[in-house]
Amino acid sequence: MATPRLILPLAGAFATALIAVASVWAHGPALIARLEARSAEALARAGTPAVQAEFRTDRGWPTRHPTLSGGAGLGDAQRLAAAQAVAAVPGAGGVQWRREAARGAALPVAPDCASDVAAILKTRTIRFAEGSARIDNDSAELLDEVAAALRPCQGGIVAVEGHTDAQGLEPDNVALSLERARAVREALIARGIARDDLRARGLGSARPLTGLEAADPANRRIEFFVISPAPQKATPVDQPNAG
């Protein structure tokens, strides 16, 4: 198979939250809908019905760690009550506020890992053996540079997604794309990136690049998504058990 191309689009805009993707994928939308409905009831009982709890990331990934919004004009006591109410919902994880909505303040600028890695990979690609998840030895130095560029984002969550073209059987494509994503993840772990910071997924040919036919070999690639930047230091009102 042709050499995959590596792309690094930056995604995710929340200031904190380490999402536990694996723990909710098995239950899917029904679990998220249940958590959001129970959170809305809890917020109404807490006297903050205008606050909303969202159990998805900007890219639509489900998470048990909700982000609260709609808190403009609320005092610290009300914000804390809202956070504690949602944190008490069975199945909910750590709670955070979307600071732009609650305080009107801009978020700290996150490390621009996307641009750094995109620059590194502008003229080079990580190479695999034909039809295999084995990374070519010639790509070792390139992986060193990718790991160095991702290091400022440690403490956040980076997704490594494998993609193929539509040639061949789709179960085989999915399996190979996952194996390659895992191989890249392991290579980065060996270079000092924390295992808990990386997620590997194989999507086969389900998401061809814009403008390309699904069977085009150019769809064979690995994509990195920074789905949650390194968490910022939380204030007391952002911690559901504070006070």
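Please treat every number below as a calculation from the coordinates, not as lab data. These numbers come from a predicted model, not from an experiment. All Cβ positions, even for glycine, are placed from backbone atoms using ideal geometry, and neighbour counts span all protein chains on display.
Rounded to the nearest 0.05, what FRET efficiency do Glu130 and Arg56 have when you use their Cβ-Cβ distance and R0 = 35 Å?
The calculated FRET efficiency here is 0.35.
If packing is taken as the mean number of other Cβ atoms within 10 Å per residue, what is the order of 160-168, 144-152, highest first?
Averaged packing, sorted descending, gives the order 160-168, 144-152.
For Ala215 and Gln154, FRET efficiency with R0 = 51 Å and r from the beta-carbon atoms, rounded to 0.05?
Taking R0 as 51 Å, the efficiency between Gln154 and Ala215 is 0.85.
Name the residues of segment 200-227 whose amide N is less than 14 Å from a point 7 angstrom out from the Cα of Asp172 along the C-beta direction?
205
Given the peptides 61-67, 200-206, 186-192, arrange them by the average over their residues of other C-beta atoms within 10 Å, most packed first.
Descending mean neighbour count gives 61-67, 200-206, 186-192.
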